[in-house]
Each structure stands twice: as structure tokens, then as C-alpha cells.
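Coordinate-derived values only; no laboratory data. Owing to the predicted nature of the structure, the values given are computational and were not obtained by experimental measurement. Cβ sites come from the backbone with ideal geometry, for glycine too, and all protein chains shown count toward neighbours.
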Amino acid sequence: MQQDKKECILRAAAKVFSRFGFKKASVEEIARDAGVAKGTIYLAAETKEDLFYQTLLREVRAWQAEVSRLVDPRVPADQLLEQAAVMGMQYVEERPLVKELLFGNVHLVLPDWTDRLDELRKLGRAHTREVLELGVSQGRFRPDLDVDEVATLLQDLVIATYVFHNRPVPDRAERLTRRLQAAMSLIRTGLLVQAPAHVASSDGSKGEGKRAKRHDARE
């Protein structure tokens, strides 16, 4: 099959699966949306399940390509990590299929495809692993990081932030972003090779110095 025709089918499949979900989406509807015969769909995929998987793979690859454009080795990795996390959450907002994959809902629909779906989730962490490895090579992140485990935890953080704060309130997207940025700020301190010895207070002075002055005053 020509690649452009297969791409057209996968685009149509993404629209139909996003609108109806896997169970209610029909191959006939996908074929109609793609402007091809139903039989042509089975030249692109062996089964409806295979078509769904290929559609998910396309969506995740598109996500990775978009986030990877952020990664600039000249930029501090801790800054890139926060930007990638925020972009990832925004992407989940716009791509229902990626959201269903990351939230584990697709695993419930296709239990026989668990291993392959887990690989897709792992692919969805590729940019995070890339940034973590960059941070180690920059000398900003601890060299003993378990990159795969940390990437998995950060992916879980994005999902949890979305789940627990995804309420229909004014400025919802902005609130989600602020909460994720606050969480990432705390996490970055643990990733850095050495946390700052003195934390500045709100007035810009050093906390240690203020404690020392208070101690002197008591004496």
C-alpha cells in the first residue's frame, strides 16, 4: 500500500477512534472518513485491533517528534524537563487516544495487547529519558540516576496532576500548568548534582545568615 494512502487511513482512524472509542468505532466509518473502500482498510491493518494499535503508534510518535524539537543541548536540562512536562500535558489535552493510553484505559479494552501497549507507553517517555541523559552529560543531574525509573515516575506525575486537577473550573489549563510546574520545581532539586547550600528568602536574603543573626541576638 502507498504510504500516503495509509497515512490518510490512520488520520481517519484517529478521528473516528477519538470520537467513538475503540468498541463503538466501526471500520466502515473509518473507510468512509478516509474515502476508501472497507477492504482497503485491511490492506493497511490485519484487524481492527491492529488498526487501533497502529493509530496509537502514529499518535505517540507525533507527540515525541513535537517534544523532541524542544531539546536543545545548549539549554539546561532541568529547564527542558519542565518545558517537556508542560508540553506533554498539553498534548494529552488535545489527543484523546494518547490520554487513554497513558491512563491505562486502552489496556482494559485490549488486554491481549498489554506488552505492545506497554512499549507504546515507554515510547511516550523517550523524550524524558533523553532530557535526563542530557542533564547527566551536562553535569547538572546526578550521575547515579536510574534514567528509566525516573522517566517513569515523571510520566506518572504528569498523569496524576491531570487526573486530580482536571475539574471544570475557570482557567483550568492554566491551573494544571501551574501545579505541574510547582511539582517539577520540587523534583528538580532532587535531580541536581548539588542543591543550593543557601536558599534565598522572599526578601532575597539568605536563610542561613538570618538564622545566624537571630542566634547572635539571643546571646
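With N the number of residues in region 1-44, Rg(Cα) / (2.2 N^0.38 Å) evaluates to 1.03. Projecting label points 7 angstrom from Cα along Cα→Cβ for residue 71 and residue 137 puts them 0.9 nm apart. In the structure shown, the pairs 24/122; 5/99; 15/38; 6/99; 23/122 are assessed against 20 Å; a Cα-Cα span above that value is assigned to 24/122; 5/99; 6/99; 23/122.
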